[in-house]
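This report concerns only the one structure given below.
None of the figures in this text is laboratory data; all of them are computed from the coordinates on show. This one's a predicted model, so the numbers in the text were calculated from it and none came from an experiment. Here the Cβ positions follow ideal geometry from the backbone for every residue, glycine too, while neighbour counts run over all protein chains shown.
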Amino acid sequence: MAQWQTIIPIRGIDLSPDQRFDFAEGMTLEPLPDWVSSHPWLDKLGQQVKQSVQKATHGLVINYEAEALGSPDPAWQGPDPKSIQVVKYELAVLANFALWLSCPSPVRLACVIHAELRDSGPMVKYVGTAPRVFHHPKDSDQSPSTKDFKLAQRLHSSLAQLPRGGGSIWNAFQAVWAALQTYVDIIRYFLFWVALESLFGPDNGLQISFKLSKRIAAFLAKDHNEAQELSAKVKKGYRFRSKIAHGRLEENPEAGNLLADVEMFARYSLMYVLLNKDLSKTFSGKDREKYLDGLVPGGRR
């Protein structure tokens, strides 16, 4: 078995050279090796990506054994085989998502590098693009703090343990991750609502607006007064979502604020679920409906 390393430079973070954070399954956020920013393979991705990598000081790094580029990952439990390199890259995507949950900001992956480690030095076998992640305009000046990185570590650990291929939490993650990759506000807005419906929507599909407003408000609010305010916001936001879904969209001066609200609803909901093992189990199991119907403001466990 050869020794391999996957490196994903990250743009938009400001850390000192001595700062390092351990993420799930052996992945670390650490200073980039010196050779990364000047490697000729970067020219294949264009000047903009190359500049992003050259500006990056830190990246996600993971070491592992593999026979070759594209070798199936023997530990992969999904229905279709995946290469070790793809699995490591997807782990980095989850880390990027965890960083967004902990602190919405311009932080995103710059590219992905797979290299075989040899005695003579790293032999780069693949350099590819990473998905462009768009932040809400109000988050343009945000930058993760040390506290945010520590929170992201916990979130990443929970995300890495999620069963793939279905379930309300995984479906919500996929919807939000898709939303973050588009700058088209109405599509982004709709996808955030897909995530919320995955978490809080009724199984029978009835009284969706009423149940979403009641459940989301009860889940996020600290008390009944706050729940009333949140419920009204959810109903207002869902009406706008319905206009988008049914092709009756009109210009709305509040669209930016409505998008900020739905992003906040989805972000905090996913954080609370992922940080609590009991909640993760409930939302992934058959008791989700019973739990949500019985939930009162401030009663989230």
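Quick rundown of the values:
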{"quantity": "Residue match in the stretch 109-129 (condition: within 20 Å of the chain's Cα centre (by Cα) and closer than 24 Å to Phe265 by Cβ)", "calculated": "no"}
{"quantity": "Elements of type helices (runs of 4 or more DSSP H) contained in the stretch 150-256, each with 1 or more residues being without any contact (Cβ under 8 Å) to a residue 40 or more places away in the chain, under 22 Å from Lys138 (Cβ atoms) and in contact with a helix residue (DSSP H, G or I) (Cβ under 6 Å, 6 or more places away or on another chain)", "calculated": "168-180, 185-200, 224-245"}
{"quantity": "Residue within the stretch 227-237 that is of a type outside the set (Lys, Arg), buried (at least 18 other Cβ atoms within 10 Å of the Cβ), within 28 Å of Gly166 (Cα to Cα) and within 23 Å of the chain's Cα centre (by Cα) present", "calculated": "yes"}
{"quantity": "All positions within the stretch 10-45 that are in a strand (DSSP E or B) and either free of Cβ contacts under 8 Å to residues at least 60 places away in the same chain or not β-branched (Val, Ile, Thr) (or both)", "calculated": "Arg11, Phe21, Asp22, Thr28, Leu29, Glu30, Pro31"}
{"quantity": "All positions within the stretch 103-149 that are of a type in the set (Gly, Ala, Ser) and in contact (Cβ under 8 Å) with a residue 40 or more places away in the chain", "calculated": "Ser105, Ala110, Ala115, Gly121, Gly128, Ala130, Ser143, Ser145"}
{"quantity": "Ala95 vs. criteria farther than 22 Å from Gly26 by Cα and either buried (at least 21 other Cβ atoms within 10 Å of the Cβ) or in contact (Cβ under 8 Å) with a residue 12 or more places away in the chain (or both)", "calculated": "no"}
{"quantity": "Those residues of the stretch 262-279 which are crowded, with 19+ Cβ neighbours inside 10 Å and not aliphatic (A, V, I, L, M), in sequence order", "calculated": "Glu263, Phe265, Ser269"}
